[in-house]
Every structure is written in C-alpha cells, then in structure tokens.
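Here is the structure we will look at, set down as structure tokens.
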Amino acid sequence: MKQTIFTLLLLSTIGFVSCRKTGTEPNIVQYDQAQILNYIKANGIKGMHQDTVGGDTSGIYYKLIDSAIAPSDVPLTYSDEVSFVYTLRSFDGKYISSDTILNQYLGYIGHLTNVAFPAGLELAIINDLRYSGRSMRVLIPSYLAYGVNGYGSGSINVAGSHIAGNQCLDYYVHVINKQPDTVAQYNYDEQVINKYLTAQNLTGYLPDGGVYYKILTKGTGTDPITDNTTIEATYNERLLNGNVIGGANQTTGVDSTSFDVPTLIPGVARMLENHAVKGTVISMIIPSGQAYGISSPSGTPANACLRYEFTIVDVSP
C-alpha cells in the first residue's frame, strides 16, 4: 500500500513538473530585448547601440543624433534642471504623440518619474545622451517603461489614448538646454524656425537677430515706434503647431488693442521698432529666447517659438 501511494505521488510530481514553464522560456528582460531587436530590423533602424554603462546592459537601445560636444560641456546629473522636447510611439503603433511644440518638459532630471515619464527615459538621458543641446532616439524596454499595466486611462483600441501593457517605447528626445544655456537655446530656436519655414513653404522672411519677419503691407506713417511709444494694433499670436493663444484681429471682429511698446515681448518690440510704422502689416516668427522663454504664461509651453501678425492701426509718440 505504501509503495502504491509513493508511486502515485511520484507520478503526480512528474506530471506537475512537466506542466510547468521550462527554464528555456524568456523572462521579461529577454522578451523585451527580442521585441526591440525585431523592431529595429522591421523598421530598418541603423546605428543603434546598447546602453552598457556600468558594465551591464539595461536593455535600452539608443542612437545619438547630435553628438558634438564642446570641451567646456559638463555631463548632466540627476540634480540638473533641463528643458527638453520629445516624441513617443509605442511599438504596437497604437499610441503616437509627435507634437514637439506641446511635448515639452521643464524640470529636474531626477524628477522625471515623478511626473509619469518612464524610468528608462531618465536613465537614457543620464547614461547615453549625457549632454545638453543633444538629441537621441531611444528604445525603452517595457520593464523600464510602464510595465504590465501600461499608461493612461483611455482604451487601447482608441489610437493615442492609452499605452498597452508590456509595450516597449520608441522615444525621440532633444535636451534644449541645462539652465542657463543661451547658446543651446539659440541653436534650438534657429533649427525649429527653419524647419517650420520649410514645412509651411513660407518664403520672403528675412532674419534679424534670430527673429524672422516679412512685411505684408508697407506702412504710410512717419512717426517711429520707440520704447516710449504707445501703439494701437490688431494682432494674432500662435504656436508653431497652429494653436492660437492670443490676439486682437479684425477678421474675428475683436477690437484692436493698445500697447506700450516696452510691455511687449522683446522680439516683437524690436521688430516693430526696426520695421514698422502706422499702417504696417508685419508677420514675425519669434524664437523662444526672445519670447517667453522658460517663464511661459499659462497655456503656453516652455521654450515655445511663436508666430505673430501685427497690423499697426495708430502710433502715439
């Protein structure tokens, strides 16, 4: 009887073990790596490197886009306050966020996970991007992203509303500057404005100290616009993604507005002083460094370049 019971227990144990997952099945780290390698191959991505800082691999793959480093550059640390823009795509393509005008972060690198960025992005900026003013593409494994729960409250069946569980992520990130860094800010603004002019097929814009302007209607007034001038104008103010964030424009039936020139943002004030009189209609694309910079008003992203159209109705010396 004892032998029969022992035999039954032995057979049960063998059966139970045979039903368990074998040691050859991948864990999540191995699964993520396979997904990333397949993604690289399927999308023809060249030049990717593994993050091996510290002698081991985090599972992150990255490619530097702007890799120039000046001798005076200092590596980023978790305590640095930075400004960066980004795009994001989940590997399944169901979540895509590509508007770098709105996708902005201003804060400390070490606080990224506090505001719902994945731990892998924070790690990649420190380990792989390393310096302000540079760009990279980074593929983040799911276990360093949002894990099994994913991210967002929407349905995974609605594009752009929810990142599904166990999704690896494809980020582009450009660290504009480490505060303060006016050179990196200027270079970023120049790049953004030139891409915008090309994408919108805008011609006839002339550069003036980082601002690009175009006279749409030549003015007839004789009184110059100065720091002591009050102007009456209709205008509109837009982000470069087309979102209107302010304005007084005749086409919308809104009355014109009076301004003391020193109260205008620096780029606008300078362009009006240099190129406008009563009757002038002028279009301006203002770099963020001469707009609101990092101290943006509510509803305006940090480091946003802006487009204005001003019609000068009257000038009061």
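Among residues of region 160-212 being acidic (D, E) and out of contact with any strand residue (DSSP E or B) (no Cβ under 7 Å at 6 or more places or on another chain), the one that is surrounded by the fewest Cβ atoms within 10 Å (Cβ to Cβ) is D208. Restricting region 284-316 to residues that are under 11 Å from L239 (Cα atoms) and of a type in the set (V, I, T) leaves a set whose member that is nearest to the chain's Cα centre (by Cα) is T300. Taken as a whole, the condition of being out of contact with any helix residue (DSSP H, G or I) (no Cβ under 9 Å at 6 or more places or on another chain), assigned to a strand (DSSP E or B), surrounded by fewer than 17 Cβ atoms within 10 Å (Cβ to Cβ) and hydroxyl-bearing (S, T, Y) applies to S258.
The residues in region 287-309 that are under 16 Å from P262 (Cα atoms), outside any helix (DSSP H, G or I) and either at pLDDT 95 or above or of a type outside the set (A, V, I, L, M) (or both) can be counted, and the count is 1. Just so you know, in region 218-250 the residues that are surrounded by fewer than 18 Cβ atoms within 10 Å (Cβ to Cβ) and among the hydrophobic types (A, V, I, L, M, F, W, C) include one that is modelled with the lowest pLDDT, and it is I245.
Has region 35-52 got any residue that is in contact (Cβ under 8 Å) with a residue 60 or more places away in the chain, assigned to a helix (DSSP H, G or I) and of a type in the set (S, T, Y)? Checking region 35-52: at least one residue is in contact (Cβ under 8 Å) with a residue 60 or more places away in the chain, assigned to a helix (DSSP H, G or I) and of a type in the set (S, T, Y).
Among strands (runs of 3 or more DSSP E) entirely within region 55-141, having at least 2 residues that are of a type outside the set (D, E, K, R), under 15 Å from the mean Cα position of the chain (by Cα) and closer than 14 Å to V175 by Cα singles out 81-90, 104-108, 135-140.
Taking the numbered list (1) farther than 27 Å from M271 by Cα; (2) crowded, with 18+ Cβ neighbours inside 10 Å; (3) of a type outside the set (S, T, N, Q) in turn, G150 passes all entries but (2).
Applying the set (1) touching a strand residue (DSSP E or B) at 6+ places or on another chain (Cβ under 9 Å); (2) surrounded by fewer than 20 Cβ atoms within 10 Å (Cβ to Cβ); (3) closer than 26 Å to S295 by Cβ to T113 leaves exactly one unmet item: (1).
The values are calculated or read from the model by the stated rules, or taken from the named source; none is laboratory data. Worth saying up front: this structure is predicted, and the values here are computed from it rather than measured. Cβ: placed from backbone, ideal geometry, glycine included. Neighbour counts: every protein chain shown.
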